[in-house]
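Taken together, the values in this text are just the output of simple stated rules run on the coordinates, not laboratory data. Quick caveat, the model's predicted, so the values are computed rather than measured. Virtual Cβ from ideal backbone geometry, glycine too; neighbours counted across all protein chains shown.
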Amino acid sequence: MPDAGFSETRVSANIPDEGANLTEASVIVSELSDEALLKMEVIQSLLEPSDRPVGERLQEAAAKLGKSVRTVRRLLDKWEQEGLLGVNKTERADKGKHRIEEDWQEFILKTYREGNKGSKRMTPQQVFLRVQVRALQLGLKSPSHMTVYRILEPVIEKQEKAKSIRTPGWRGSRLSVKTRDSKDLSVEYSNHVWQCDHTRVDVLLVDQHGQLLSRPWLTTVIDTYSRCIMGINLGYDAPSSQVVALALRHGILPKQYGSEYKLHCEWGTYGKPEHFYTDGGKDFRSNHLQQIAVQLGFVCHLRDRPSEGGIVERPFKTLNSELFSTLPGYTGSNVQERPKEAEKDASLTLRQLEQRLVRYIVDNYNQRIDARMGDQTRFQRWDAGLRVSAPDVFSERELDICLMKQARRSIQRGGYLQFENLMYRGEHLAGYAGESVVLRYDPRDITTVLVYHQEGNKEVFLARAYAQDLETEQLSLDEAKASSRKIREEGKTVSNRSILTEVRDRDTFLTQKKTKKERQKAEQVEVKRAKQPLSVEPEEIEVTSIQSEAEPEMPEVFDYEQMREDYGW
């Protein structure tokens with residue numbers, strides 16, 4: 001017996017009439033596509049009386065059509081209501097055309113063409129990133145990535161036929177890294193996620209007089225999206241938050257080098273990361289680095305496991321095999337297998353190594369094509385992968401936080417400050433007497449500090465304060481503490497003048513042969529002086545002094561003891 005699900009009415013409703021209707025049906029059938037003919041055949045078989053269960057027949061029909069049972073039921077309903085027209089899929093009038101505004105099509109095509117002019121390379125995914133940003137700026141809904149791909153597909157195919165190669169990036173997979181708190185951090189564009197790590201360079205260095213020193217430390221900052229080396233710090237200081245800050249600062253600022261570097265290309269990369277991804281070393285977990293992140297506006301993440309650090313560690317291997325191994329004084333990575341002539345051959349200073357390293361990165365490493373990029377160099381991928389045409393440029397003043405540590409002090413009468421047993425004075429500070437301010441200082445030289453005033457959630461720069469009588473000296477934080485201890489041990493009063501005397505006496509009686517640490521420090525100072533990064537300084541903040549006329553004027557020669565009497569310190 002036929003199943004109750006197929007009524008006699010439904011069956012008879014789809015049987016064509018005799019005569020003219022049959023001719024009309026024949027004409028329609030002759031124009032049906034193969035897919036429509038198959039549907040008609042399956043539906044007619046379902047409408048024929050049968051003792052088999054309906055469910056079994058529907059499943060068999062669905063398998064034959066490659067559709068679901070629900071879709072087959074809908075086809076039966078359409079057949080009942082519309083006859084052959086119900087199974088004959090009509091094409092849209094706009095088939096082959098993009099249902100998107102013309103200005104979007106022009107923007108997509110123009111962005112792709114501009115991004116692939118000359119030596120530039122830009123993938124469809126990178127075009128989609130620019131589309132998203134433009135839509136956000138205009139407050140519009142962004143076209144989908146598939147729409148962007150469909151618009152670019154004819155252009156891509158034309159290029160492929162001309163070049164007989166497939167455009168790289170069209171099939172590209174998205175990269176993500178896993179954080180320690182079990183989150184997957186997706187990397188979608190340049191300056192999105194930066195990574196940082198340290199290594200000991202396998203090259204023995206000497207000082208300016210040819211005396212053997214040791215192997216320096218190299219810290220690199222890598223852009224995860226493009227694999228470009230964004231910034232470095234090369235020096236004898238062991239890894240610390242201060243070293244990380246210096247490498248970050250170098251990566252963020254635009255970089256410019258003199259003719260002595262003999263560069264053929266420009267470093268070119270700069271900007272600020274949105275995420276900073278590192279291992280769990282104490283230098284990356286420090287309050288100092290967290291403070292930098294808050295001030296500059298990026299988020300710090302720790303790696304979930306060591307294997308997640310391949311992107312930042314791989315360049316070290318490349319640098320070692322292609323650059324360091326070719327230099328005099330190369331030790332190799334295995335201390336036990338160190339070449340016997342390594343110490344004898346050592347002849348490079350820190351500054352000379354830094355010049356060779358910068359030249360290799362700028363002219364070679366960042367200009368080379370990475371295996372997964374096809375015909376895009378690392379720098380081209382970084383440039384094309386930017387969400388905006390040019391990242392914001394930070395001034396060196398804005399990046400003072402990356403160089404300096406922080407302390408809080410109160411301004412005393414006359415605009416004076418006391419820090420680490422030293423007395424400082426800054427212009428325009430007298431009007432802030434009694435107020436608490438933030439001092440930012442470089443531990444390598446505390447003869448000058450930067451003074452900031454907290455105004456709401458923002459720190460406003462007030463002035464530079466100079467250690468009185470020490471303006472022409474260079475005094476590190478450790479040296480200042482050591483001098484203070486020595487002066488106290490001798491039963492003397494600690495003051496700027498007594499510290500100055502102790503520093504000069506030490507320099508006078510110091511033997512010509514300096515310690516290794518002192519020679520390393522001198523080499524790092526030489527490299528620091530040689531570096532000339534592009535400086536974009538904002539206009540100085542003008543602060544009107546409201547110093548009282550009743551306050552005594554500052555004498556031309558600073559007398560600490562006299563100031564104690566004048567101000568009751």
Problem - H264-S389 FRET efficiency (beta carbon distance; Förster radius 25 Å; 0.05 resolution) - result: 0.55
Fill in the blank from the handout: Which residues qualify? For L462, with a placed amide H closer than 5 Å and at least 5 residues away or on another chain, they are V451, Y452, H453
Exercise for the section: Take the Cβ-Cβ distance between A407 and R180 as r, set R0 to 41 Å, and report the resulting FRET efficiency rounded to the nearest 0.05. Expected result: 0.85
Problem - Calculated FRET efficiency for the pair T493/T472, C-beta based, R₀ 22 Å, to 0.05 - result: 0.45
Handout entry: Pairwise label distance in nanometres, S214 with S436, each label 7 Å out on the Cα-Cβ vector
Key = 3.9 nm
Practice task
Determine the alpha carbon to alpha carbon distance for each of K492/K517; K120/K317; K282/K405; K39/K64; K183/K317 and list only those over 18 Å.
Solution key: K492/K517; K120/K317; K183/K317
Problem - Length added when fully stretched, S33-E82, from 0.36 nm per residue minus Cα-Cα - result: 16.0 nm
Practice task
Please report how far the C-alpha centroid of the range 349-409 lies from that of the range 433-504, rounded to the nearest whole angstrom.
Solution key: 33 Å
Practice task
Rank the residues C300, C196, C228 as a footprinting-exposure proxy: fewest other Cβ atoms within 10 Å of their Cβ go first.
Solution key: C300, C196, C228
Practice task
Work out how much length E106 to E157 would gain on full extension: take 0.36 nm times their residue separation and subtract the Cα-Cα distance, in nm to one decimal.
Solution key: 16.6 nm
Problem - Distant-in-sequence amide H partners of M423 (H built 1.01 Å from N, under 5 Å) - result: Q468, N496
Exercise for the section: Give the shape of the range 320-440 as rounded, prolate or oblate, defined through the alpha-carbon gyration tensor: a ≥ b ≥ c are the square roots of its eigenvalues, a/c under 1.5 means rounded, and otherwise the shape is prolate if a/b is larger than b/c and oblate if not. Expected result: oblate
Handout entry: Cα-based Rg / Dmax (Å) for the range 175-384
Key = 17.3, 52
Handout entry: Kirkwood Rh and Cα Rg combined as Rg over Rh, evaluated for the range 102-163
Key = 0.98
